[in-house]
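The values are calculated or read from the model by the stated rules, or taken from the named source; none is laboratory data. Every value quoted in this text rests on a predicted model; they were computed, and no experiment measured them. With ideal geometry, Cβ positions are generated from the backbone for all residues, glycine too; neighbour counts draw on all protein chains shown. Quick note on the areas: whole protein, heavy atoms, side chains included, nothing else; ligands and nucleic acids left out. Shrake-Rupley method; radii C 1.70, N 1.55, O 1.52, S 1.80 Å.
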Amino acid sequence: MTRPDLTLAREFDAALAWWQAAGVDCDFVDDATAWLADPDLHGAGEGAAAARPAGHAQGEPPVAGLRQGARLAPPAPAPQTHRRDLLGESPPSDCAAFHDWWLSAPALGTTGAFPRIAARGRAGAALMVLVPHPEADDRDQLLSGPQGRLLGNILAAMGLDDSATYIASALPCHTPMADLPSLAAGGMDAVTAHHIGLVAPARLLVFGTGLAPMLGLTGEQPLREINYIGGNVPVMSCETLDALMDSPRLKARFWRRWMEWSATI
């Protein structure tokens with residue numbers, strides 16, 4: 001049996017096929033490379049070297065799709081979120097009025113794919129629970145599905161019943177992949193703050209670290225308390241109920257944090 005001639009082209013194809021079979025289809029380097037450097041800014045040899053990616057020898061072709069010497073257009077500015085006064089000149093003055101407004105206010109601008117679901121509980125509750133949005137199957141009651149059952153078990157283990165808790169969502173409808181920072185910047189953070197002020201709970205438990213912008217937090221430091229007219233409320237935030245359902249490790253961490261936090265307030 002004759003051995004095939006191993007030409008450079010065949011060796012190159014074989015090497016590429018091996019890496020693709022191994023799942024490697026990208027080239028990574030630690031240092032930035034001037035892929036689109038203008039050759040006019042350098043000498044002829046320097047321009048070619050600047051445009052050549054690190055780790056590639058002279059004579060090797062550049063990555064397909066990038067033209068050496070091409071100018072990179074400046075990035076488009078990020079779109080500015082238009083902030084609106086969603087509460088209007090006469091915001092709801094108590095929880096009952098807020099519930100009615102929550103279910104009917106055109107300013108909230110929901111799409112109608114899922115129904116609006118009001119919060120449940122009474123003002124002055126020992127604990128207010130805030131989640132990002134209702135469950136997909138909620139119709140008459142907030143958190144009526146698996147997340148609600150998990151929350152009910154958590155509250156029972158805490159020694160709290162429905163009369164001692166107020167359960168609310170930051171958005172009125174089930175909203176998959178919600179852009180919470182943009183919604184907060186558009187005015188929903190003020191709605192959330194007003195809602196918390198009306199409830200005036202003794203403590204606030206937030207399920208979803210992505211809700212930080214809704215609570216007025218823009219930095220990386222964890223939120224410890226929220227101030228409102230008439231007082232302030234200690235805050236503990238953690239992962240979403242969905243995440244807790246899928247991870248025993250997160251459940252264990254939640255309980256450790258809860259025991260430490262509740263013992264200090």
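The table below gives the values:
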read-out	value
Probe 1.4 Å, protein heavy atoms only - accessible area per residue of the range 94-176 in square angstrom	45
Value of D in µm² per second that Stokes-Einstein yields for the range 157-211, Kirkwood Rh from Cα pairs, at 10 °C (1.306 mPa s)	124
The range 129-232: C-alpha gyration tensor shape, a/c 1.5 cut-off, then a/b vs b/c	oblate
Spin-label pair LEU250/LEU103, simplified geometry with 7 Å Cα→Cβ offset, distance in nm	3.1
Two-site FRET efficiency, ALA164 against HIS82, from Cβ-Cβ distance with R₀ of 30 Å, rounded to 0.05	0.15
Length-normalised contact order for the range 76-152 - Cα pairs under 8 Å, 6+ apart - percent	21
FRET E, pair ASP179, ARG257, Förster distance 30 Å, beta-carbon r, rounded to 0.05	0.65
Placed amide H near VAL129: partners under 5 Å, 5+ positions off or other chain	TYR166, ILE167, ALA168, LEU205
Net lengthening on full extension, LEU16/ALA113 (0.36 nm per residue, minus Cα-Cα)	30.2 nm
Percent accessible area from carbon and sulfur atoms, the range 200-265, protein chains only, probe 1.4 Å	52
Accessible-area composition of the range 78-147, carbon plus sulfur, in percent [1.4 Å probe]	49
Chain lengthening between THR7 and GLN141 when straightened (0.36 nm per residue, less Cα-Cα)	41.1 nm
